[in-house]
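Input: a single structure, listed below in structure tokens.
What follows is calculated from the coordinates using simple rules that are stated; it is not laboratory data. This one's a predicted model, so the numbers in the text were calculated from it and none came from an experiment. Virtual Cβ from ideal backbone geometry, glycine too; neighbours counted across all protein chains shown.
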Amino acid sequence: MNMTGERRIAASRKVVWAALNDVAVLKQCIPGCEVLEKQSDTDMVARAKLQIGPVKATFNGKVRLSDLDPPNGYRISGDGSGGVAGYAKGSAVVRLADDGRDT
């Protein structure tokens, strides 16, 4: 699956960058995320409950921030195992740009 898009956020790029590096904010951005614990500035462990068709599974895995370019963006990647439901892997490139007072 490939997803693209833009979102306007009514905050400065500095504020948005800080939020995107806050574990509590990131947890809210990851679908089904129940646990997100920081291991270092770029590495986290996560647990997410997902439903894929009729199958519900809990995935345990890792989330990593890379290609950091403060306060312009980064790549966020995650992977995890859901037992009999298999393996999940995904990533997104986040780019921040000023738009007046917004980002």
Within the under-11-Å Cβ sphere about D79, not counting D79, Lys/Arg +1 and Asp/Glu -1 give a net charge of +3
Options (1) 102; (2) 90; (3) 144 for volume of the Cα convex hull per residue in Å³; the value derived from the coordinates is listed as (1)
Note on region 1-55: alpha-carbon gyration tensor, axes a ≥ b ≥ c; rule is a/c under 1.5 for rounded, else prolate if a/b larger than b/c, else oblate; result oblate
